[in-house]
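Working notes for the structure below.
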Amino acid sequence: MMVYDEFKRKNIDSFEDSHSDENKTASSLINNNLENTSNHDDSLQWAKEAFARLKQQQQEKKSDVLSQKLIDQQLEIQKKSSENKFESSEEKKPLKTVTDIENSSKSQDSQISDIDEAFTWSKGVLEAQGQKAEEISLEELDWLGRLKKGLEKSRQRFVTGLLEKLGDDPLTPDVVDDLETLLLRADAGVAATDQILDALRRRLNEEVVDANEGLRFLKEKLCDLLDKPIQSSGADLLVPERGSLNIWLLVGVNGVGKTTTLGKLANLAVRSGYSALIAAADTFRAAAVEQVKIWGNRSGIQVVANTTANADPAAVVFDAIGAAKSKGVDLLLVDTAGRLQTKHNLMEELQKVRRIIDRLAPDARVESLLVLDSSQGQNGLRQAMAFAQSAGLTGVVITKLDGTSRGGVALAVASEAKLPIRFIGAGEGIRDLRPFKSFEFVEALLAKR
Ligand SMILES: Nc1nc2c(ncn2[C@@H]2O[C@H](COP(=O)(O)OP(=O)(O)OP(=O)(O)O)[C@@H](O)[C@H]2O)c(=O)[nH]1
Ligand SMILES: [Mg+2]
């Protein structure tokens, strides 16, 4: 049967996998649906049915997230008591009750009325990338709608101002100066801002550019900038290679979402038919091992851990590589402890982990992915520069794009740290992570409404 490989973002032929029943995903449902309806060329009917299914899937997902939040809350209590370090302000905060959580999902419900517009927009974005009807899946539609919603804050800050400035008249040098301020405020960084503005100014010297063309040109330049490191890497999307060992290391400062991203990647792997294993190499806190085990359980993936106090992370990775080799696993995901880029001993610890990997699995395809919290703005760029040096980074995952994100940091990372962005996370749920596509990101960042 066909399975939707989310790393590749396309349907693939069947594979041997114990989870195959689970994989009767919405995408296969919708694809059947598409085959049936496209014969009649009835795209309106298709859109209606796809929209109805999408709503149903989103309702189901909400109840999953609800139960996941309750488990996480339990975990948080365990984590606090095991660390025995209560911060007084947090201690006083009452714990969320089921009703609180339900109410917060209800408030998300109220946004479901926006879905019509989000749906149409998402469908348009997929079609603009040349996706044929039979390739469009519910997952993609759902994700794009959420990505757009997640980037709302960045967009409000940036696009609303931009559209006001642009007006309906041809672009003037003054408008371009204002655009410069807007880009800098959106955390695009100096290098990215300069590149874009130089290109725009050159163009203005040659001809009159109206507002619509200005916006199109801006989007094109932003995509070029994000795509440059991706093209240099030689791979449009980061996909585990079947039949060989892929080792993906997740690194970054504290609390940016490394473990959550690992949990989401593990699930993405299983859903897409790869076998996976997790190495709990965050040995800094006992609760970290528990947290990663819970994520492993959610996707039925084994976790290699060493629970003795202050175990050496490199030793855990050593064991995990052994297990991954003997099981012939496709993807080994390594969770690491959060560390400040300024702490040299901890950065050296990361290098040691890298050395173990290179020695034990010289043929493995190793990725060292920096996880960046998008709400940290320009600080993210400083982290990227520091980790790039000591952790041999090959890519970036940007998280928390659903919160008070400052999406522009993606531009700064691509232009200054010259690292490809591989995945983006927008939410705490297990499915809230997707492979990065510059076109979609830029469309979501600069959507008019
Ligand atoms: N809203 C939102 N929250 C996220 C996202 N990713 C992670 N989080 C939350 O961020 C918090 C920290 O996530 P972790 O995955 O534990 O972060 P970490 O980098 O592993 O943290 P340390 O191991 O302590 O360094 C958790 O409450 C996650 O639920 C995201 O994309 N969106
Ligand atoms: Mg962690």
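Laboratory data are not the source of any read-out in this text; all were calculated from the coordinates shown. Because the structure is a prediction, the values reported are computed rather than measured.
Placing one equal scatterer on every Cα of region 156-198 and applying the Debye formula, the log10 ratio I(q)/I(0) at q = 0.23, 0.34 Å⁻¹ is -0.75, -1.21. For region 369-384, 3J(HN,Hα) computed residue by residue from phi via the Karplus equation (6.51, -1.76, 1.60; θ = phi - 60°) reads 9, 7, 9, 10, 7, 5, 6, 7, x, 4, 4, x, 5, 4, 4, 4 Hz, glycine and proline entered as x. Subtracting the Cα-Cα distance of His344 and Asn205 from 0.36 nm times their residue separation leaves 45.2 nm of extension gain. For region 168-228, the Kirkwood estimate of the hydrodynamic radius, built from every pair of different alpha carbons, is 11.7 Å. The shape of region 351-406 can be summarised by an equivalent ellipsoid whose semi-axes, obtained from the alpha carbon gyration tensor, come to 27, 12, 7 Å from longest to shortest. Legend: distances between Cα atoms for Lys132/Lys400; Lys228/Lys293; Lys165/Lys221; Lys10/Lys352; Lys123/Lys221; Lys165/Lys400; pairs beyond 25 Å are Lys132/Lys400; Lys228/Lys293; Lys10/Lys352; Lys165/Lys400. For Gly407, the residues whose modelled amide H falls within less than 5 Å of its own, excluding neighbours fewer than 5 places apart on the same chain, are Ser154.
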